[in-house]
Amino acid sequence: METITNEAAGNQRGMSRRGFISGAALGTMALLGLAGCAQPNQTNTQKESEPSNQDAQAPATPDNVSETLECDIVVVGAGISGLAAAVQASENGSKVLVLEKGGAAGGNGAGTEGVFAVGSKLQKNLSIEINEVDIIRTELEEAQWVTNGALWYDMVHNSAENIDWLQGNGVQFNGVADNYGAGLYNTMHWFDNDSAVTSYIEPMQATAEQNGAEFRFGTAATSLKVDAGTVSGLYAEDSSGNIIEVKAKAVVLASGGIGANPDLLVQAGMAQNQVNEMMTNCSPSVCGDGYNMAMAAGGRDFLRNAAIQGFQMVKAFGTDTTVPYNSPLNGGNGLVGNGLCVWVNQDARRFNDESLAMTFNMAANLGACLGNRESYAIFDQAILDGCELDEADKKTVEDALTNNDGTSVFTANSFEELAEHFELDAETLAETMERYNQFCAQGFDGEFGKAQPFLTAIENGPFYIARIDALVVVVDGGIMTNVRSEVLDDASKPIPGLYAVGLDGAMLWRNVYTQNMPGTAMANNINSGRNAANAAAKYIA
C-alpha cells in the first residue's frame, strides 16, 4: 500500500451590469490573504524537473490514525462542484462522505449568482432561442481551437437537463435569463436573490444529507491512499489534529483549485514579483490540495495551461469587497481597466489595447500584463474625475497619495517626473505619451487599434502613474481530466478511482477564460461533479 501525500506533490459589448464576473466565474469576492497556503519564496516540493511521482518512494502510512471511516465515494471539498458530486452520488445510492477544509459549505462559489444553460425550460418560456452549436463554435474559435470540443459539447448539451436536475434538488432560480449585461448570449440563469448561498449551497447540502451523505467540516484531506496504482481512499486531519483514515472505492477532488497558493501560481505562469504583490479574492483555503495530491498520485499536470482569472488593481486603492463589486477605483472594470488609461511596461512602452475588458473580454486585462516584469497605468485628473467618485472613493485616493510609500501610485506635473519616480526611462515615456496623444488627435490608434471612443488625450496635469498589480479571483484547471472527470496520468489514461471536478479539473479553457458565455464556469462545476459521480458509480459497481 502506498500513501501519497499532499506535501509530496471583437464587438464592443459594454460593461457588465455588475462590473465583475461573479456569475460567470467563481469567487467569494471578499478580499482575502494567503493564510493556510505556502507563502512566496518557499520551495514547492513538486518540481517539473523531478521524476514521476509514480516512481518516487512514498512516505509511510500514518501510525497515529484516530478514526477509520469507510464509504463508497469520498468528496474532497463542499463547494459548487463538490456539492453537485455529493448529491448525484448519493442519489445514485452510493455511500458518500464529504470532507470540507472550511467551517461551512460553499468555498469559492458563495459569491456566484447563476448558471449557464442552453435550451432550458426557462429560456423557452422567455422565447430565448440559442443554437448550442453557436456557443461551442464560438468558444473553440476564441480559444484558437486548443480546447477540447468534446468537453464543451458535453457541458453545453447537458446544461438544460442540469437546470432541471438542480431545481428537482431544491435549487431556486428567479426566472431571469440574460447575458449578464456583457455576454454574447442570454445564457445566465439567475439564482433567487442572486445568491448561491441560499439558493444553491444550502438546498444542495440539505439534499445530499437527506440522501444519506455525511459532511465533515474543518477536515482537510492530506494524502491519497494508492494500492497498485488504484486510489483506495485518503487520509485527512481534523481541526483538532486528529488523523482520519478514509477507506473508499473512489475519491472525487473538488478542492477549488490553486488560487490562494503563491508557489502554484508561479507554476501557472505568474512571475514571482507579481505573486509577491498580488491580492486574492478566492477562499483562503484554496491551496491546491487536490492538485498536489493528484500530482503525487501520478496525475498529468495541466497547471501551465490553466486559465488565471483575475483583474488589475492598484494596491494603494484597496479593493472592492462589497456587492456588486463595481467600485470605480478597483472593481472589475476599475480605473486602470476602464479603457481610458495608457498602459506601459518596464520599458515605458505601451503593450496592448487598454480597452480589452470594455470591448472584448472582461477577464482579459490581467492576462495582458502577465508577460511584463512591471506594468503601469498612466492617467490624468480628467480621467480620474470621470470615474464619478463618491466621497469615500475620493478619500481613498487622497489617502493613497498621502500615505502609501510611493510604490503603488504617484502624481506629478510631467511624464518625466512619473518615469523617474518608478525608474522608467523618462525619454521613452515622454515619446510614448506624445505618440499616444497624436493617435487620439487623429482618432485612430496606430499601435494596437484601440476603439475610438476610448482614445482620450492625456495632456494636462496633474498626471498619475499607478503600478498595476494582480487581483486573482480563481484559477481554472490544474489536473488533466477527461469527459468523465477521471484524472489522467502522463499517458492520458485514467487513474483508477480518482476524479477531479470544478476548478481542480477544469479543461474547458487553456490559459484564457473566454468569459463571453455567462455562467459557464458554474455550469462546468455542476456538470463535472455529476459526471464524476456517475462515472464513479459505474466504476465501483
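The values are calculated or read from the model by the stated rules, or taken from the named source; none is laboratory data. All values reported here derive from a predicted model rather than from experimental measurement. Cβ: placed from backbone, ideal geometry, glycine included. Neighbour counts: every protein chain shown. Surface accessibility is based on the protein's heavy atoms, side chains included, excluding ligands, DNA and RNA. Shrake-Rupley method; radii C 1.70, N 1.55, O 1.52, S 1.80 Å.
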Accessible-area composition of the chain, carbon plus sulfur, in percent [1.4 Å probe]: 45 percent
Dimensions in Å of the stretch 349-413 - Rg and Dmax from alpha carbons: 14.0, 36
A228-Y153 FRET efficiency (beta carbon distance; Förster radius 25 Å; 0.05 resolution): 0.15
Pairwise FRET efficiency - D238 versus N460, Cβ, R0 = 60 Å, nearest 0.05: 0.45
Extended-chain gain in nm, criterion 0.36 nm per residue less alpha-carbon gap, A491 and A382: 33.6 nm
Proximal charge balance of G386 [Cβ under 13 Å; K/R count +1, D/E count -1]: -4
Sites matching chymotrypsin sites (Phe, Trp or Tyr not before Pro) across the stretch 446-541 that sit in DSSP coil, with at most 14 neighbouring C-beta atoms within 10 Å: F448
Separation of the S127 and N413 label points, Cα + 7 Å toward Cβ, nm: 6.2 nm
Neighbourhood net charge (13 Å Cβ-Cβ; Lys/Arg +1, Asp/Glu -1) for G256: -3
The chain: calculated mean residue ellipticity at 222 nm from DSSP helix runs of at least 4, using -39500 (n - 2.57): -8000 deg cm²/dmol
Debye equation applied to the C-alpha atoms of the chain, log10 I(q)/I(0) at 0.08, 0.09 Å⁻¹: -0.51, -0.64
Amide hydrogen neighbours beyond the local backbone of F463, cut-off 5 Å, H modeled: A412, N413, S414
Residue pairs, from the table K101/K538; K247/K538; K101/K225; K124/K249; K101/K395, whose Cα atoms sit over 30 Å apart: K124/K249; K101/K395
Debye intensity ratio I(q)/I(0), log10, the stretch 186-304, q values 0.13, 0.18, 0.19, 0.24 Å⁻¹ (C-alpha model): -0.74, -1.16, -1.20, -1.30
Length gained when the stretch E434-E420 is fully extended (0.36 nm per residue, less Cα-Cα span): 3.3 nm
Chain lengthening between D192 and L69 when straightened (0.36 nm per residue, less Cα-Cα): 40.6 nm
Around F454: net Lys/Arg minus Asp/Glu count, Cβ-Cβ under 12 Å: -2
Q144 versus R373: modelled label distance in nm, points set 7 Å from Cα along the beta carbon direction: 2.5 nm
Accessible area in square angstrom per residue, the chain, 1.4 angstrom probe: 37 Å²
